[in-house]
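The values are calculated or read from the model by the stated rules, or taken from the named source; none is laboratory data. Remember, predicted model here, so these are calculated numbers, not experimental data. Positions of Cβ are generated from backbone atoms using ideal geometry, with glycine treated the same way; all protein chains shown enter the neighbour counts.
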Amino acid sequence: MKTFNLPGTDLNVSNVISGQMRIADKTDGQIRELVAVARDAGINLFDHANVYGSVDHECEQRFGDALKWTPAQRSEVILQTKAGIVKTGEDWAYFDFSKAEIISAVEGSLKALNTDYIDILLLHRPDALVEPEEVAAAFDELETLGKVRYFGVSNQSPRQIELLKKTVRQPLVVNQVQLSITHAPLVAQGLSINMENFEQSVVLDGGGLLDYCRLNDITIQAWSPFQRGFFDGTFLGDYEREPKLNKVIDRLAGEYNVEPIGIATAWILRHPANMQVVLGTTTPARVAAASAASDITLTKRDWYELAHAAGYVCP
C-alpha cells in the first residue's frame with residue numbers, strides 16, 4: 001500500500017481509506033474482520049461521520065465498541081470524522097456549522113469512538129448559512145484542547161473554502177468529494193474547457209476545484225468511487241448500462257492482474273493530484289481487491305481509454 005505525507009500535517013496516510021458508513025448492522029466480529037483486512041492491506045485511515053447510521057453516532061459507536069483499541073493501538077491508525085449535518089427525525093436533514101453544533105458533534109464522536117482525539121475533522125457538506133467566525137472559534141477550541149488535530153471540508157467549492165479561510169487559521173487539508181470513472185466532472189471538465197455544446201464543459205464545482213485543491217495543498221478524497229451517478233448503482237459489472245466501460249475494465253483487470261474493482265480504484269489513484277479513495281464496502285474481499293490498486297500505475301493511454309469508454313469527450 002502506497003502512503004504519503006498528507007500536506008499540512010505530520011500524518012503519513014494510505015492512499016486508500018476504509019469508510020465506515022455502512023457498518024451499523026454488522027456484528028462486532030464482522031467489524032473487526034473488516035478492519036483487520038483493511039489493516040493487512042496497508043490501510044491506516046478510517047472514515048466516519050456523526051450522521052452515519054439510523055441515529056447520530058451509531059456507526060462510530062459500533063466501531064468503538066467492536067474494537068476497544070488500547071492507546072498504543074489507537075496511535076497506529078488515523079481516525080477521521082465529519083460534523084455539520086443535523087438529522088430531523090424525518091426524511092430530511094439540515095446543515096449547521098455553528099460553534100455549538102460542531103463542538104457537540106465532536107464530543108459525541110469522541111465518546112462513541114472511545115478515543116481522546118480525532119485526527120481529522122471535516123465539515124460535512126456546505127452550510128449556506130455558515131458564519132466563518134463560528135467555525136473558526138470551534139476549530140480553535142477543539143485544537144487548543146487537543147480534541148482535533150487537523151481540519152478539512154467535504155463537498156465544498158473553491159469560493160466556499162476561501163470564505164472559511166478568511167477567519168479559520170488552521171489549514172484545511174482535505175476536501176472529500178464524489179468521484180468515480182462515471183461521475184467525474186471534477187476531472188472531465190478540464191478535458192473540454194471552452195468547448196461549445198458539450199455538457200461536459202460546464203463548470204459544476206464553482207470553478208476549477210481540482211486545480212484549486214492542488215494549488216493549495218488540499219488533498220481530495222474520492223467518495224462513491226464505484227457509483228454511476230449520485231447513488232445510481234455501481235457501474236462495475238453493469239453491462240446493460242455501461243457495456244463499453246466494463247469491457248475495457250475487464251480487459252485491463254486481466255492485464256494488470258487485479259480485480260475490476262482494482263482498475264476502478266486505480267483510475268482515481270493514477271491522477272497526479274495524489275488523491276485518496278474512500279471505500280464504502282463492508283465486504284472484506286472487496287476491500288482487499290480494491291486496495292491492490294495502490295500497487296499498480298495505469299499508463300496514460302489506459303487512463304484515457306477508461307475516460308473515453310465512460311463517455312467523456314477527449315477533443
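Listed values, structure above:
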item: Single condition Gln176 does not satisfy, out of (1) in contact (Cβ under 8 Å) with a residue 60 or more places away in the chain; (2) surrounded by fewer than 20 Cβ atoms within 10 Å (Cβ to Cβ); result: (2)
item: Members of the range 80-106 found to be part of a helix (DSSP H, G or I) and surrounded by 15 or more Cβ atoms within 10 Å (Cβ to Cβ), listed by number; result: Lys99, Glu101, Ile102, Ile103, Ser104, Ala105, Val106
item: In the range 263-296, the residues that are closer than 25 Å to Asn216 by Cα and without any contact (Cβ under 8 Å) to a residue 60 or more places away in the chain; result: Ala266, Arg270, Pro272
item: Residue match in the range 153-174 (condition: part of a strand (DSSP E or B), touching a strand residue (DSSP E or B) at 6+ places or on another chain (Cβ under 8 Å) and closer than 21 Å to Tyr94 by Cβ); result: yes
item: Pairs where the first residue, in the range 190-216, is at pLDDT 75 or above and the second is buried (at least 17 other Cβ atoms within 10 Å of the Cβ) and of a type in the set (Phe, Trp, Tyr), C-beta under 7 Å, 6+ apart; result: Leu191/Tyr312; Gln200/Tyr312
item: In the range 40-61, the residues that are in a helix (DSSP H, G or I) and surrounded by fewer than 24 Cβ atoms within 10 Å (Cβ to Cβ); result: Asp40, Ala41, Glu58, Gln61
item: Matching residues, the range 9-26, being in contact (Cβ under 8 Å) with a residue 24 or more places away in the chain and more than 18 Å from the chain's Cα centre (by Cα); result: Ala24, Lys26
item: The range 12-35: number of residues that are of a type outside the set (Gly, Ala, Ser) and part of a helix (DSSP H, G or I); result: 7
item: Residue match in the range 200-223 (condition: touching a Leu at 6+ places or on another chain (Cβ under 8 Å) and under 22 Å from Val86 (Cα atoms)); result: yes
item: Restricting the range 40-50 to residues that are closer than 15 Å to Ala290 by Cβ and among the aliphatic types (A, V, I, L, M), the residue that is nearest to the chain's Cα centre (by Cα); result: Leu45
item: Among the residues listed as Leu245, Leu209, the single one being buried (at least 22 other Cβ atoms within 10 Å of the Cβ), among the aliphatic types (A, V, I, L, M), more than 27 Å from Ile31 (Cβ to Cβ) and within 18 Å of the chain's Cα centre (by Cα); result: Leu209
item: Count of residues meeting criterion [polar (S, T, N, Q) and either within 19 Å of the chain's Cα centre (by Cα) or crowded, with 23+ Cβ neighbours inside 10 Å (or both)] in the range 27-39; result: 0
item: Filter result for the condition that a residue is within 11 Å of Phe97 (Cα to Cα) and in a loop (DSSP other than H, G, I, E, B), over Val135, Val130; result: Val130
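Residue-wise test of (1) outside any helix (DSSP H, G or I); (2) among the hydroxyl-bearing types (Ser, Thr, Tyr).
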{"residue": "Cys213", "(1), (2)": "no, no"}
{"residue": "Asp232", "(1), (2)": "yes, no"}
{"residue": "Arg251", "(1), (2)": "no, no"}
{"residue": "Trp267", "(1), (2)": "no, no"}
{"residue": "Pro272", "(1), (2)": "yes, no"}
{"residue": "Val277", "(1), (2)": "yes, no"}
{"residue": "Val287", "(1), (2)": "no, no"}
{"residue": "Ser291", "(1), (2)": "no, yes"}
